[in-house]
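Below is one structure, written out as structure tokens; the observations come after it.
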Amino acid sequence: MKGYEDTVPGSANRIIPMAEKRLDNKMQISNDEMKLDDFAVREQFKQSGRGQYFAITVVGMFLGTSLFAAFNGFETLSLVLAGATAITGIVNAFLKIKDKNKQEK
């Protein structure tokens, strides 16, 4: 700093506030990025929750329809609906495992 002050008198008094202002700006940007990350995580959880509610609703509808069909003499339709529900769940589980392994690499 002494070199700056010797070269341009008063420059040290301008450099220090400038560095402090730059540090404040960096801290503000960092805080804003953390807020955005928190927001993104919260929205991801909300979306995941909505997806689970939707999935349980669809599965419930398929199984309910399957039971209704079974009690009304449509055994084949009942088996197809129940089987489709089970196969969809198994395939979905495998896809999630595959996607999780892909993200880890």
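The values are calculated or read from the model by the stated rules, or taken from the named source; none is laboratory data. Computed from a predicted structure; not experimentally measured. Because the Cβ atoms are built from the backbone with ideal geometry, glycine has one as well, and the counts that use them run over all protein chains shown.
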Search result, residues across region 31-74 that are part of a helix (DSSP H, G or I), surrounded by fewer than 12 Cβ atoms within 10 Å (Cβ to Cβ) and over 26 Å from the mean Cα position of the chain (by Cα): G64, F71
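Matching residues to (1) at pLDDT below 80; (2) more than 23 Å from A93 (Cβ to Cβ):
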{"position": "G3", "(1), (2)": "yes, yes"}
{"position": "A40", "(1), (2)": "no, yes"}
{"position": "S48", "(1), (2)": "yes, no"}
{"position": "L81", "(1), (2)": "no, no"}
